[in-house]
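Quick notes on the structure that follows.
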Amino acid sequence: MTLKILVTAGDGIGPEVTSEAVAVLREVAEIGGHKFEFDARRIGGVAIVQDGTPLPADTLEAALASDAVLLGAVGGNEFNSLPPDKRPEAGLLQIRAALGGFANLRPAFAFKELTVNSPLRAEVVDGADILFVRELLGGLYFGRPREWNRAGGEAWNTMRYTRGEVERVARVAFELARKRRKKVTSVDKANVLEVSQLWRAAVNEVAAEFPDVTVEHQYVDAMAMHLMNQPRNYDVVVTENLFGDILSDEAAVITGSLGMLPSATIGGKVNLYEPVHGSAPDIAGRGLANPLGAILTGALILRHSGGLEAEAAAVESAVRRVLEQGFRTPDLARANPQGFTVLSTKEMGAKVRQTVKEQLASRV
Ligand code: NAD
Ligand code: IPM
Ligand code: MN
């Protein structure tokens, strides 16, 4: 299997965590005799500083010519006063739009070993396994008109969806639910917003094509609460762009840390892979970042772009094994630090790599 992977590491902890993910992927390639070609390009704040734009043309060109893009994170405090279209985050939104993936899969899986790290009780989170399907190319992020009219003291954004945009992401959610526990929860604000009423109608229409999958609807405010009260109740959760952004960070509480969450964006020309977390300026450059979300994102590359299910599962089980052995990055050691071995970003990456090697070697 040959895969051309473009790495856009970005800012803050982005480079720290993606280099560990790449190292794991290299290990998988070596053991399995696969040819993974890596190329690296700038995006985000680092590109603003060096190229004058958050998404340089050569980065976009290389992304479109690759089989998969692995993105670290973008953003930094020094850019906070820039308008949205000039910020590092604009580069991320531009590459998402150009690659065309509309279904952002954000699995939130509660590793048993990390339940102690969640502020929620172990009996609440244990066994939680949710797949968020976040619509990624519509809603408030891309709707027009949008403007801050400074003189008028007024600003507006537009939450807009077409029926087709909702149907295509709903279809992805139902297809995925079919392979899981056959339940889709659609999240909207249909008690207030017309756009959510269209969302709900379109989801119901798609649901009719999947009689074997149960569908339920929740308002986003109630969902934010249910997610904490009974996370085990949910299988696939499909929702619009901003609600999905917020709910997936909330789901980090179930998994024990935002640093655990991976994502894959499918449905476009080239799949885009990113951990859910951001550039974490508060811990950047100190070896404190948890690389497991990025490494699990690498597993999603193996699964969704490489068709390498066994290898993807091996990476996921290596992560589990390393946690079972008591190894933790600082974000995972807030509870019971004495019982754990706390590792740096690089040390954690090396542990996973070593374990993947052992796991895959024992299968040959
Ligand atoms: P953040 O996700 O960067 O950090 C939130 C908190 O979680 C911080 O306390 C951070 O230290 C912690 N954290 C995040 N990832 C971690 C990891 N891997 N290991 C350990 N701890 C981790 O969110 P923020 O602070 O609100 O945003 C910082 C910047 O990142 C902003 O510029 C924002 O726009 C950007 N951002 C980018 C992406 C992306 O590129 N995909 C995603 C989210 C936020
Ligand atoms: C995410 C981030 C991005 C988003 C930002 C940085 C544009 O929060 O990937 O979750 O809102 O989509
Ligand atoms: Mn987010």
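The values are calculated or read from the model by the stated rules, or taken from the named source; none is laboratory data. This is a predicted model, so every value here is computed, not measured. Neighbour counts are summed over all protein chains in view; Cβ atoms, including those assigned to glycine, are modelled from backbone coordinates with ideal geometry. The protein model used for the area step is the full one, side chains on, heavy atoms only, and it has no ligands, DNA or RNA in it. Shrake-Rupley method; radii C 1.70, N 1.55, O 1.52, S 1.80 Å.
To the nearest Å, what is the center-to-center distance of the stretch 138-155 and the stretch 1-31, using C-alpha atoms only?
Each part's Cα centre sits 36 Å from the other's.
Taking the Cα atoms of the stretch 36-152 alone, what are Rg (to one decimal) and Dmax (as a whole number) in Å?
Rg and Dmax of the stretch 36-152, Cα atoms, are 18.3, 54 Å.
List the residues, sorted by chain then number, that are 5 or more residues from Lys4 or on another chain and whose placed amide H is less than 5 Å from its amide H.
Long-range HN contacts for Lys4: Glu37, Asp67, Ala68.
Viscosity 1.567 mPa s, temperature 4 °C: what is the translational diffusion coefficient of the chain from Stokes-Einstein with a Kirkwood Rh over Cα pairs, rounded to a whole number of µm²/s?
Details: Rh = 20.9 Å.
Reported coefficient: 62 µm²/s.
Express as a percent, rounded to the nearest 5, the fraction of DSSP beta bridges in the stretch 119-255 (both residues included) that run antiparallel. Don't skip to the answer; put the middle values down first.
Working: 3 of 17 bridges.
Percent antiparallel among DSSP bridges in the stretch 119-255 is about 20.
Restrict the search to the stretch 306-364; then list the trypsin sites (Lys or Arg not before Pro) that DSSP places in a loop and that have at most 10 other Cβ atoms within 10 Å of their Cβ. Please list the in-between numbers first.
Values: sites: Arg320, Arg321, Arg328, Arg334, Lys346, Lys351, Arg353, Lys357, Arg363; in loops: Arg334.
Passing sites in the stretch 306-364 do not exist.
Quick one: Cα centre-to-centre distance for the stretch 247-324 and the stretch 185-223, in angstrom?
27
So who's got an amide H within less than 5 Å of the one on Ala40, skipping anything under 5 residues away but keeping other chains? H placed 1.01 Å off N, in plane.
Here Val7 satisfy the definition.
Could you check what % of the DSSP bridge pairs in the chain are antiparallel, to the nearest 5?
Numbers: 15 of 45 bridges.
Roughly 35 percent of the DSSP beta bridges within the chain come out antiparallel.
What 222 nm value per residue comes from the helices of the chain, counting each DSSP H run with n ≥ 4 as -39,500 (n - 2.57) and dividing by all residues, nearest 500 deg cm²/dmol? Write down the numbers at each step before the final one.
On the way: 12 runs with 153 residues, N = 364.
The helix-only estimate for the chain comes to -13500 deg cm²/dmol at 222 nm.
Could you tell me what percent of the accessible area of the chain is made up of carbon and sulfur, with a 1.4 Å probe and every protein chain present?
Numbers: 7870 of 15100 Å².
Carbon-and-sulfur percentage of accessible area, whole number: 52.
Pop out the ³J(HN,Hα) list for the stretch 289-302 in order, Karplus 6.51 cos²θ - 1.76 cosθ + 1.60 with θ = phi - 60°, rounded to Hz; leave Gly and Pro as x.
With the stated coefficients, the stretch 289-302 comes to 5, 7, x, 5, x, 5, 5, 5, 5, x, 4, 5, 4, 4 Hz.
Counting only heavy atoms of the protein chains, get the accessible area per residue of the chain (1.4 Å probe) and round it to a whole Å² value.
Numbers: 15100 Å² over 364 residues.
Using a 1.4 Å probe on heavy atoms only, each residue of the chain averages 41 Å².
Could you pull out every residue, at least 5 positions away or on a different chain, whose amide H is within less than 5 Å of the one on Leu308? Hs are placed 1.01 Å off N in the peptide plane, and Pro or chain starts have none.
Placed amide hydrogens put Arg303 under 5 Å from Leu308.
All other residues with a Cβ under 12 Å from the Cβ of Ser66 taken together, and with Lys, Arg as +1 and Asp, Glu as -1, what is their net charge?
-1
Can you give the relative contact order of the stretch 119-255 as a percent, counting alpha carbon pairs under 8 Å and 6+ residues apart?
39 percent.
Under a Cβ-Cβ cut-off of 15 Å, what is the net charge of the residues other than Gly287 that fall near it, where Lys and Arg count +1 and Asp and Glu count -1?
Residues near Gly287 contribute -1 overall.
Treating the beta-carbon of each Lys and Arg as +1 and of each Asp and Glu as -1, no other charges, what is the dipole magnitude of the chain about its Cα centre, to the nearest 20 debye? Please list the in-between numbers first.
Values: 40 positive and 45 negative charges, 88 e Å.
Computed charge dipole of the chain: roughly 420 debye.
What is the P(r) of the stretch 278-364, as percent of Cα-Cα pairs per 5 Å bin from 0?
Binned Cα distances yield the sequence 3, 15, 22, 23, 18, 12, 6, 2, 0.
Summing Lys, Arg as +1 and Asp, Glu as -1, what charge do residues with Cβ under 14 Å from the Cβ of Ala47 carry, Ala47 excluded?
Residues close to Ala47 contribute a combined charge of -2.
7 Å from Cα along Cα→Cβ at both Ala122 and Thr341: what's the point-to-point distance in nm?
2.2
For the stretch 196-227, which GluC sites (Glu not before Pro) are both in a DSSP coil and crowded by at most 13 other Cβ atoms within 10 Å?
On the way: sites: Glu205, Glu209, Glu216; in loops: Glu209.
Those satisfying the criteria are Glu209.
Given labels modelled 7 Å from the Cα in the Cβ direction, how far is it in nm from Ala208 to Asp129?
Reported label-point gap for Ala208 and Asp129 is 3.2 nm.
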